[in-house]
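Sharing a structure below in C-alpha cells format, with a few things to ask.
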Amino acid sequence: MTRILLHSRVDDCLSAWRSAGFRVLAPSKRNDLTRFDEVHAASDMALDLVLPERTIKDHFFPQTEPLLNYRIKKQAIESDEMLPPQQKRIFFGVRPCDASGLEIDDALFGWDYKDRYWFSRRENSVIITIACTRADDFCMCTSVQLSPDSTKGSDVMLHPLKDGRGWRVVTLTDRGKELAETIASMLQEDASETAPAASVPVKFDLDKVTSWLADPSNFESHLWKEVSQRCIGCGSCTFLCPTCHCFDIQDEGDTYSGIRRKNWDSCSFAMFTMHTSGHNPRNTQSTRWRQRIMHKFNYYQGKFGVNSCSGCGRCTRQCPVDMGITETLQEITNLPR
Amino acid sequence: MGIQEQYRTDAANLLDSGAVKLVIGYGEGSTPERRRPIFIRSAEEVGRLVLDANCIANLSAYLVPEGLLSDGKSVAVFLKPDGIRSVNILAAEAQLNPEQVVILGFNIDAGLANPLPGRKANEFAPLLASLKSAGLSTDLQREADRLEQMTAVERFEYWKEQFSKCIKCYACRQVCPMCYCRRCIVDVNQPQWVNTSSHTLGNFEWNIIRAYHLAGRCVACGGCDRACPVNIPLRLLNHRMSKEALDTFDHFAGESADQKPVLATFRQDDPETFIL
Ligand code: SF4
Ligand code: SF4
Ligand code: SF4
C-alpha cells in the first residue's frame with residue numbers, strides 16, 4: 001500500500017499531533033536564522049531550505065544544559081539532579097544527513113555510560129525526514145556512504161512527489177508506524193511517482209582517506225599544517241556540526257551554591273583539553289585540526305565502526321575562512337599513493 | 001596590466017628580492033564567488049593570488065599570531081583601507097612594528113578592485129584622513145537609526161532575541177584583527193571570571209564584553225558580522241561604539257599609528273557628559 005500526504009493536509013496533521021500531546025518542531029526562519037523551532041502551522045515551516053543553518057542536534061544536546069544544582073553548607077553538600085523535560089516531540093522535515101547524525105551520536109552517548117539527557121530526548125522524539133531533491137555546492141552525503149534519501153536515523157521518510165502535491169510516506173520504525181496511525185485519516189492511497197533524489201557528486205575517496213589516517217606515519221604529515229594554515233580557531237564548524245559532541249562540565253555560581261552545567265566544547269579552541277599545569281597537548285591550530293579529522297574518520301571509526309560525519313557540509317558552508325572537512329579530505333585523496 | 005597581474009608581479013618581486021618572507025593574500029575558494037586567505041612563500045606560487053571585488057576579508061588578523069614578526073623580517077599583505085586602519089591600531093597598541101608590514105593596498109569600487117598607492121601604513125595617511133572626514137557608513141547609520149527609534153525596552157528585547165541565538169563559537173573574536181589577546185578574558189579560568197555557558201545571560205555577557213573592548217578600535221571591516229554563523233548583526237553594536245568614539249572624542253579608529261587608544265587616554269578637554 002502506497003500512501004501519500006498532501007501539503008494541504010499538514011495543518012491537520014499538526015493539530016492531530018498537538019492534541020495527542022506532541023510538540024512539533026520544523027525548520028523555520030526566525031530572527032534572521034533558520035533552525036528547528038516549534039511550529040503551529042504549515043506556514044511557519046521553511047521546508048524549501050536545502051538545510052537549516054543549525055542542526056536538530058541542538059534539541060538533543062543543547063549548547064548548555066543544567067545537570068544539577070548544589071548548595072554547600074557547613075557540614076554537608078546538598079544537590080538535586082536536574083533532568084530534561086519529558087516532552088513528546090515530532091521533528092518534521094529533517095534532512096537525511098541531520099537524521100543520520102543522531103544515530104551516529106547514539107554510539108557515543110550510549111557507549112560506556114548511557115547518557116540520560118540524550119536518550120530521554122531520543123526516546124521521546126519521532127524523526128520525520130524529507131528526502132532531498134535539491135542540494136547545494138557543499139552537500140557531500142554521498143562521499144560518506146550516505147545519500148539524499150538515506151533512512152538512517154529516521155522513523156518516517158517522506159519522498160517528495162514529482163507533481164509537487166505532497167510526499168510519499170514510508171514508515172521505517174515502530175515509532176514511525178505508530179505516528180502514521182495518528183494521521184491515518186489524512187493520508188491517502190496514491191501511487192503517484194516520486195521526484196528523483198538530488199544528485200550529489202562524490203567529493204573524495206573515503207576508503208583512501210580512512211586508510212591514510214589509520215597509518216601512524218601520517219600523524220606528523222606536513223599536510224596538517226598546510227590545510228589548516230588559515231584556520232582562525234573558532235568553533236563554528238564544530239558547533240554547527242550535527243555529529244560533533246564534545247562538552248565540558250562547568251560549575252556556575254558562587255562559593256555556596258550554583259548549577260553544574262554541560263556546555264558545548266570545541267576541539268578548535270586553544271583551551272580544548274589544556275591541562276591545569278598549563279601544558280597543552282595540542283598547542284597549535286594544525287594539531288587541533290588534525291584531531292578533528294582523526295576523531296571523525298579514524299578514532300570514531302575504530303571505536304564504533306562508523307564515521308562521525310554525515311556529510312551535511314555545514315563546516316565548509318559556514319566557515320569564515322572557507323575551510324572545512326571536504327577540502328582536507330580532498331587533499332588526502334589527491335596525495336600520490 | 002590589471003591590478004591582479006600587477007600585484008602578482010609586485011608580490012613576486014618582494015619575495016625574490018627578500019624584501020618580505022611571506023605574502024598574505026586571497027586565493028580561489030570553494031565556490032566561484034568565494035575567496036580564501038592564502039599564504040605565499042615563493043615567487044613561483046604568486047599565480048595563485050586572486051584580486052577582485054570578492055576579496056572582502058580583512059587579512060590583517062593574520063599578522064598577529066605569536067612569533068610571525070619576531071624575527072624582524074617583513075610580511076606583505078593585501079589590505080583594503082579597513083585593514084590599513086587595523087595595522088595602525090596594532091602598531092599604536094604595540095602589537096607590531098608597521099615597518100615590517102608591506103601593504104598591497106586596494107579598494108573595491110563599483111564592483112572592481114583598484115590599486116591604492118603606498119607601501120607602508122603611514123603613506124596612506126591622506127586617504128585615511130579623507131575617510132574620517134567622509135564619516136561613518138551611512139548605510140549602517142540607517143540600520144542603526146531603526147534601533148535608535150525604539151524605546152529602551154524594545155531595544156533590549158531586540159538584542160535579547162539576537163543574543164539568545166549566540167552559541168559562543170567565538171568566530172567574531174577569532175576573525176577580528178583587534179582581538180589579539182593571547183588569552184581572552186572569557187577563557188581565563190583560574191578563576192573562571194566569565195561563565196562559559198551560552199544561555200541568554202551568558203551570551204549578553206560575551207557580546208557586551210566584545211562590543212566594549214572594540215569601542216574606538218573597530219575599523220568596521222565587517223569580519224565579525226560575516227563570520228557569525230547565527231547572523232547576529234554585530235555591525236550595529238560596533239557602529240554604535242564607533243559613532244560614540246567619533247562624536248564624543250573625535251576619534252576615528254586607526255587613523256594613524258601614533259593615535260592614542262581612546263579608552264586608555266585622558267585629555268583635559270574630554271567631555272564628561274555621562275558622569276552624573
Ligand atoms: S564534519 Fe562537516 S560535513 Fe561532516 S557532519 Fe560535521 S559539519 Fe557536516
Ligand atoms: S569588531 Fe568586527 S568589524 Fe570591527 S574590526 Fe573586529 S572584525 Fe572588523
Ligand atoms: S560569532 Fe556569533 S555565535 Fe559566535 S560567539 Fe560571536 S556572536 Fe556568538
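The values are calculated or read from the model by the stated rules, or taken from the named source; none is laboratory data. Given the structure is predicted, the values throughout are model-derived calculations rather than measurements. Neighbour counts run over all protein chains shown; Cβ positions are idealised from the backbone, glycine included. The area values use the complete protein model at the heavy-atom level, side chains included, leaving out ligands, DNA and RNA. Shrake-Rupley method; radii C 1.70, N 1.55, O 1.52, S 1.80 Å.
Go over the candidates B:Asn207, B:Asn203, B:Asn231 one by one and state the one that is surrounded by fewer than 18 Cβ atoms within 10 Å (Cβ to Cβ) and within 11 Å of ligand 3 (Cβ to nearest atom).
B:Asn231
Is it the case that some residue within region B:248-258 is more than 10 Å from chain A (Cβ to nearest Cβ), in contact (Cβ under 8 Å) with a residue 24 or more places away in the chain and within 16 Å of ligand 3 (Cβ to nearest atom)?
The answer is no; no qualifying residue exists.
Hey, which of the helices (runs of 4 or more DSSP H) in region A:293-337, taking only ones fully inside, have at least 1 residues that are buried (at least 24 other Cβ atoms within 10 Å of the Cβ)?
A:314-317, A:325-334
Further question on the same structure: Pick from B:Val46, B:Val23: which is surrounded by 20 or more Cβ atoms within 10 Å (Cβ to Cβ) and either within 14 Å of another protein chain (Cβ to nearest Cβ) or within 21 Å of B:Gly222 (Cα to Cα) (or both)?
B:Val23 is the lone residue from the list that is surrounded by 20 or more Cβ atoms within 10 Å (Cβ to Cβ) and either within 14 Å of another protein chain (Cβ to nearest Cβ) or within 21 Å of B:Gly222 (Cα to Cα) (or both).
While we're here: Checking the structure you have, find out if any residue of region B:86-102 is open to solvent by less than 50 Å² (accessible area, probe 1.4 Å), away from ligand 2 (no atom under 16 Å from the Cβ), within 24 Å of B:Asp52 (Cα to Cα) and not in a helix (DSSP H, G or I).
yes
Any residue in region A:85-102 that is among the β-branched types (Val, Ile, Thr) and within 16 Å of ligand 3 (Cβ to nearest atom) sitting within a Cβ distance under 7 Å of a residue that is part of a helix (DSSP H, G or I) and at pLDDT 95 or above? List the pairs, counting only those 6 or more apart or interchain.
So the pair list comes out empty.
Just one of the numbered conditions (1) away from chain A (no Cβ under 12 Å); (2) open to solvent by less than 40 Å² (accessible area, probe 1.4 Å); (3) not in a loop (DSSP other than H, G, I, E, B) is not true of B:Gly118; which one?
(3)
Still on this model: I'd like the full set of residues that are facing another protein chain (nearest Cβ under 7 Å), touching a helix residue (DSSP H, G or I) at 6+ places or on another chain (Cβ under 6 Å) and not in a loop (DSSP other than H, G, I, E, B), limited to region B:156-196.
B:Ala171
Hey, another quick one. Please determine whether any residue of region A:88-102 is in a loop (DSSP other than H, G, I, E, B) and closer than 25 Å to A:Ser147 by Cα.
For region A:88-102, residues in a loop (DSSP other than H, G, I, E, B) and closer than 25 Å to A:Ser147 by Cα: present.
Right, next: Can you pull out the residues in region A:1-29 that are assigned to a strand (DSSP E or B) and touching a strand residue (DSSP E or B) at 6+ places or on another chain (Cβ under 6 Å)?
Taking region A:1-29 as the starting set, the residues that turn out to be assigned to a strand (DSSP E or B) are A:3-6, A:23-29.
Correct list: A:Arg3, A:Ile4, A:Leu5, A:Leu6, A:Arg23, A:Val24, A:Leu25, A:Ala26, A:Pro27, A:Ser28.
Cβ-Cβ under 7 Å, sequence separation 6+ or interchain: first residue in region A:298-310 and closer than 13 Å to A:Trp111 by Cα and away from ligand 1 (no atom under 13 Å from the Cβ), partner open to solvent by 20 Å² or more (accessible area, probe 1.4 Å) and not hydroxyl-bearing (Ser, Thr, Tyr). Which pairs?
If the second residue must be open to solvent by 20 Å² or more (accessible area, probe 1.4 Å) and not hydroxyl-bearing (Ser, Thr, Tyr), the pairs left are A:Phe304/A:Ala107.
Can you name the residue in region B:55-81 that is within 24 Å of A:Glu327 (Cα to Cα) and surrounded by fewer than 18 Cβ atoms within 10 Å (Cβ to Cβ) and, of all such residues, is farthest from the other protein chains (Cβ to nearest Cβ)?
The qualifying residue farthest from the other protein chains (Cβ to nearest Cβ) is B:Ile56.
Have a look at B:Leu201, B:Leu263 and point out the one that is without any contact (Cβ under 8 Å) to a residue 12 or more places away in the chain, assigned to a helix (DSSP H, G or I) and more than 19 Å from B:Val64 (Cα to Cα).
Details: B:Leu263 fails: without any contact (Cβ under 8 Å) to a residue 12 or more places away in the chain.
After ruling out the rest, the residue left standing is B:Leu201.
What's the total number of residues in region A:287-321 that are more than 16 Å from ligand 3 (Cβ to nearest atom) and within 12 Å of another protein chain (Cβ to nearest Cβ)?
Number satisfying all stated conditions: 2.
Continuing with this model, one more query. Considering only helices (runs of 4 or more DSSP H) fully contained in region A:153-271, which possess at least 2 residues that are at pLDDT 95 or above and surrounded by fewer than 20 Cβ atoms within 10 Å (Cβ to Cβ)? Talk me through it step by step, then tell me what you get.
Numbers: elements: A:174-182, A:206-214, A:223-228, A:236-239.
Counting at least 2 such residues, we get A:174-182, A:206-214, A:223-228.
Still on this structure, I have one more. Taking the condition in a helix (DSSP H, G or I) and under 27 Å from A:Arg30 (Cβ atoms), does A:Asp58 pass? Spell out the reasoning first.
Working: in a helix (DSSP H, G or I): yes; under 27 Å from A:Arg30 (Cβ atoms): yes.
Considered against the rule, which asks whether it is in a helix (DSSP H, G or I) and under 27 Å from A:Arg30 (Cβ atoms), A:Asp58 comes out as yes.
Evaluate region A:14-30: report whether one residue or more is open to solvent by 30 Å² or more (accessible area, probe 1.4 Å), touching an Asp or Glu at 6+ places or on another chain (Cβ under 9 Å) and away from every other protein chain (no Cβ under 14 Å).
yes
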